[in-house]
Amino acid sequence: MGDKVREHPGAAGRARAADHPASVRNVVLVGHSGSGKTTLVEALALTAGAVNRAGRVEDGGTVSDYDDIEHRQQRSVQLSLVPVEWNGIKINILDTPGYADFVGELRAGLRAADAALFVVSAADGVDGSTRMVWEECAAVGMPRAIVITHLEAARADFTEMTRVCAEAFGADDPDAVLPLYLPLHGAQGPDGHAPVTGLVGLLTQKLFDYSTGERKESEPEPDQLPDIEEARDRLIEGIIAESEDETLMDRYLGGERIDLKTLIEDLERAVARGAFFPVLAAAPAADGARQGLGTVELLELVTGGFPTPFEHPTPGVTTIDGKPREIKPCDTGGPLVAEVVKTASDPYVGRVSLVRVFSGTLRPDETVHVSGHGLADRGHEDHDVDEKIGALSTPFGKQQRPVTHVIAGDLACVAKLGRAETGDTLSGKDDPLLMEAWEMPDPLLPLAIEAHSKADEDKLSQGLARLVAEDPTMRLEQNPDTHQVVLWCLGEAHADVALERLRSRYGVQVDVVPHKVSLRETFAGRSAGRGRHVKQSGGHGQFAICEIEVEPLPGGSGIEFVDKVVGGAVPRQFIPSVEKGIRAQATRGVAAGYQLVDVRVTLLDGKAHSVDSSDAAFQTAGALALREAAADAKIHLLEPVAEVSVLVGDDYVGAVMSDLSGRRGRVLGTEQTSGGRTLVRAEVPEFEIGRYAVDLRSLSHGTARFSRSYARHEPMPPQIAEKIREQAKEAS
């Protein structure tokens, strides 16, 4: 197994700092909400011995600690790291949320891991979002295995679920998705259900009985051999088909008996390079038991079959000015390249960063360069700064156990990196580098918020800045048109967690208000207006008269001002004043309080007084002229229209297109893509898609994705525009 994890007294099963990348495995758990990922993590940690005297997992937690929000919501909402040790190998288990709103946490886990365990519930099957993640892993060649849980559920059928997995995950080669073990069932209960009490290894042909809470090995009974042999033959053929030894299949088909050692070595190589995807079963230990069913087998697969960090190519690295930089994979003596995969705030130690080291060795108290990740469009401040590394540690429940260093291939927590955010690169201060960003979904659900009180208003800005620093899937917008503070989230649960963290972590109470869409106004046709501002009240008076003509322009033209005054009717020094007044009034709006756009305003004539005319007077006259022109004209309310692209399974195309039409959308076309999906392109008013992130998920059972981009503003239907005007009158 190569170099071992450095041992510490009294720490059986508790992973510490690794001294060589060959002794590290980084594994991410993937699966839908309720599939049993967190329970499986606890079972693996229990089997590895990382428990306290009460039988609770100690080598578990988030970057800092278990989040109270998870207890309240009864589901995982963030990435957590659970390091354990098995056979001298440190296993960094990355548990990810299964709910779609927290897919950003999943992507962070995929970035930090070298292999994935897909957790599938025998009670629920494989959902569409899990299939999409499988395809993402396949695209980058990430090794994968499948774990079937909830075998205790009524009507749970391991054989049928294995077939479902082969169908869902083995589109190219179903024979590459095969079980390594078959479940053994105990006596049938009164409800007709026979519990799973053990496993039979198909390659070793050994029985592993877990019924006593300890794994006991035995030989199979003669009547069990036929079923074992049939499944074993298929497994061997699947392994040999992926073997790098091209003579092996001919030898096998020729009747040669392939020895067990060769089969296991070929299996491990095929799993490590992402060519074979074994199916296993697992269940938590019963109360008082030490080992959960299948946990030993899983730990052996992870340590023996999953790749070391050496086999994981380093993501693209450049210098700060964008020049490519070759980085040797997992070189502990190479230049420092590490990445912040998660950021959290601890009430006692401040900001804590979970870091994956890809090259070099990270040590406490050294100064590193922190490179920002280019997310200014999401409310993040770009930065390139030097920071001193605080204490290094590994999670241990709600505590952090200090480590002296972190080598390439390992993960650890770094305290007090004040500027580093999720997705940032840590590198040597004299050799600053930047890793290419991982793909993050766009937040498409707007949440408009206001501070609840003056005290909250003072803390809101800092609280929001910390929130988006932790979560790059959240976008902060200060809308200049509506003057709203908007948090863009991935869904309702994501929004709920954001509000709860603002309140509980940062002491900021906010109110959610209706999200406003940036409307515009424009003239439907030509109109004329006369602005007369004449006042005499002692001393200098105010005198300014101007006459204008307004005509519509094509979309995107803005405000065009033309001077056609002749004969000095308006003195030259006051013509800019008229324009300034017109533009100021256009910003305030002329009908419902929205910005006027796409018109040409021509100044035709006017009058001035040698003493009482002034800059301010002509500004006022210009504004009055524009308002008079609007009073005699038809004014269009313009609404923003978004170009929407929806990637959806073929089964839901009709429902999606019908729904878009019901939102006043215009379908522009469809395009067939791979994987039985269709890309639907449409233009939809933004008024109609405020909650589309939520509605589309419900419509497609979580299998569709969409993107949106601003297309243009266009006239709103008269009946809707009239309602908006009435609301504006009531508000004023």
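Show me, for region 717-722, the HN-Hα J-couplings you get by feeding each phi into the Karplus relation (A = 6.51, B = -1.76, C = 1.60, θ = phi - 60°), rounded to Hz, glycine and proline as x.
Those phi angles translate into x, x, 5, 6, 4, 5 Hz.
Would you calculate, for the chain, the mean residue ellipticity at 222 nm contributed by helices, counting each DSSP H stretch of 4 or more residues as -39,500 (n - 2.57) and dividing by all residues, to the nearest 500?
-8000 deg cm²/dmol
Let me check I have the definition right: for region 161-295, take the eigenvalues of the Cα gyration tensor, multiply each by 5, take square roots. What are those semi-axes in whole Å, largest first?
Here the semi-axes work out to 29, 17, 14 Å.
Treating the angle as unsigned and between 0 and 90°, give the value, to the nearest 10°, between the Cα long axis of helix 128-139 and the longest Cα principal axis of the chain.
80 degrees
Per residue, what volume in Å³ does the Cα convex hull of region 110-171 take up?
Numbers: hull volume 4.9 nm³, N = 62.
It comes to 80 Å³ per residue, whole-number rounded.
Along the principal axes of its C-alpha atoms, what lengths does region 555-678 span, in descending order and rounded to whole Å?
So the three principal-axis extents are 77, 24, 19 Å.
Which entries of K580/K723; K90/K206; K634/K723 have Cα-Cα distances beyond 24 Å here?
Distance filter (> 24 Å) returns K580/K723; K90/K206.
Could I have the simple spin-label model distance between K607 and K261, label points 7 Å from Cα toward Cβ, reported in nm to one decimal?
Calculated label separation equals 11.1 nm.
Expressed as a fraction of 2.2 N^0.38 Å, the rule-of-thumb size for a compact globular protein of N residues, what is the C-alpha radius of gyration of region 657-712?
So the Cα radius of gyration is 1.12 times the expected 2.2 N^0.38 Å.
Treating the angle as unsigned and between 0 and 90°, give the value, to the nearest 10°, between the Cα long axis of helix 260-272 and the longest Cα principal axis of the chain.
10 degrees
Leaving out ligands and nucleic acids, note down the accessible area per residue over region 565-697 with a 1.4 angstrom probe, in whole Å².
44 Å²
Heavy-atom accessible area per residue, region 188-248, 1.4 Å probe: how many Å²? All intermediate terms of the calculation are to be shown ahead of the outcome.
Values: 3400 Å² over 61 residues.
In whole numbers, region 188-248 has 56 Å² accessible per residue.
Probe of 1.4 angstrom, ligands and nucleic acids ignored: what's the accessible area per residue over region 402-441, in square angstrom? Don't jump to the answer; show the numbers that get you there.
Numbers: 1440 Å² over 40 residues.
Per residue, region 402-441 has an accessible area of 36 Å².
L668: accessible area at probe 1.4 Å, nearest 10 Å²?
Ignoring ligands and nucleic acids, L668 comes out at about 80 Å².
Hey, what did the chain get for relative contact order, percent, Cα under 8 Å, at least 6 apart?
Here the relative contact order equals 10 percent.
Report the semi-axes of the equivalent ellipsoid for region 78-129 in whole Å, largest first, where each axis is √(5λ) for an eigenvalue λ of the Cα gyration tensor.
22, 15, 9
In whole percent, how big is the carbon plus sulfur part of the accessible area of the chain, probe 1.4 Å, protein atoms only?
Carbon and sulfur together cover 49 percent of it.
Cβ neighbours within 10 Å, averaged per peptide: list 252-263, 441-452, 408-419 in order, most packed at the top.
Working: 252-263: 11.7, 441-452: 18.8, 408-419: 23.2.
Ranked by mean Cβ neighbours within 10 Å, highest first: 408-419, 441-452, 252-263.
Residues with amide H under 5 Å of K429's amide H, sequence separation 5 or more or different chain, H placed in the peptide plane at 1.01 Å from N; which?
It is H369, by chain and number.
With Kirkwood's inverse mean 1/r over C-alpha pairs for Rh, give me the Rg to Rh ratio of region 192-270, two decimals please.
Details: Rg = 15.0 Å, Rh = 14.2 Å.
Here the Rg-to-Rh quotient is 1.06.
At q = 0.25 Å⁻¹, what log₁₀ I(q)/I(0) does region 260-310 have when each alpha carbon counts as one equal point scatterer in the Debye sum?
Computed log10 I(q)/I(0) values: -0.94.
What distance in nm separates the two pseudo spin-label positions at R503 and K416, each 7 Å out from Cα along the beta-carbon direction?
Between R503 and K416, the label points sit 3.3 nm apart.
Among DSSP bridges having both ends in region 81-240, what percentage is antiparallel? Round to the nearest 5.
Numbers: 19 of 25 bridges.
Once the DSSP bridges in region 81-240 are tallied, antiparallel ones form about 75 percent.
Per residue of region 638-645, in order, report the coupling 6.51 cos²θ - 1.76 cosθ + 1.60 (Karplus, θ = phi - 60°) as ³J(HN,Hα) in whole Hz, putting x for Gly and Pro.
Computed from phi, the couplings for region 638-645 are 9, 10, x, 10, 9, 8, 10, 10 Hz.
Label-point separation (nm) for I228 and R526, each offset 7 Å from Cα along Cα-to-Cβ?
Placing both labels 7 Å along Cα→Cβ, they lie 9.6 nm apart.
Considering only region 548-638, what is the antiparallel percent among its DSSP beta bridges, to the nearest 5?
Roughly 50 percent of the DSSP beta bridges within region 548-638 come out antiparallel.
Given the chain, what percent of its DSSP beta bridges are antiparallel, to the nearest 5?
Restricted to the chain, the bridges split so that about 80 percent are antiparallel.
Over region 446-509, consider all pairs of different Cα atoms and compute the Kirkwood hydrodynamic radius from their mean reciprocal separation; express it in Å, one decimal.
11.8 Å
Percent of Cα-Cα pairs per 10 Å bin, from 0 to the last occupied bin, for region 475-575, please list those.
It works out to 10, 24, 19, 16, 15, 14, 2, in whole percents.
I need the shape label for region 512-562. Rule: rounded when a/c is under 1.5, else prolate if a/b > b/c, else oblate, with a, b, c from the alpha carbon gyration tensor.
Oblate, since a/c reaches 1.5 and b/c is not below a/b.
Using only the Cα atoms of region 67-219, each taken as one equal point scatterer with no solvent, compute I(q) by the Debye sum, divide by I(0), and report log10 of the ratio at q = 0.13, 0.19 Å⁻¹.
Ignoring solvent entirely, the Cα scatterers give -0.78, -1.38.
In debye to the nearest 20, how big a dipole does the chain give about its Cα centre with +1 on each Lys and Arg Cβ and -1 on each Asp and Glu Cβ? Working shown, then result.
Values: 77 positive and 112 negative charges, 619 e Å.
Value, rounded to 20: 2980 debye.
Give, to the nearest whole percent, the P(r) tail of the chain beyond 45 angstrom, counting all Cα pairs.
The answer is 37 percent, as a whole percent.
The values are calculated or read from the model by the stated rules, or taken from the named source; none is laboratory data. Nothing here was measured: the structure is a model prediction, and the numbers come from that model. Quick reminder, even Gly has a Cβ in these numbers, built from the backbone with ideal geometry, and neighbours come from all protein chains shown. We work out accessible area using only protein heavy atoms, side chains counted, and drop any ligands, DNA or RNA first. Shrake-Rupley method; radii C 1.70, N 1.55, O 1.52, S 1.80 Å.
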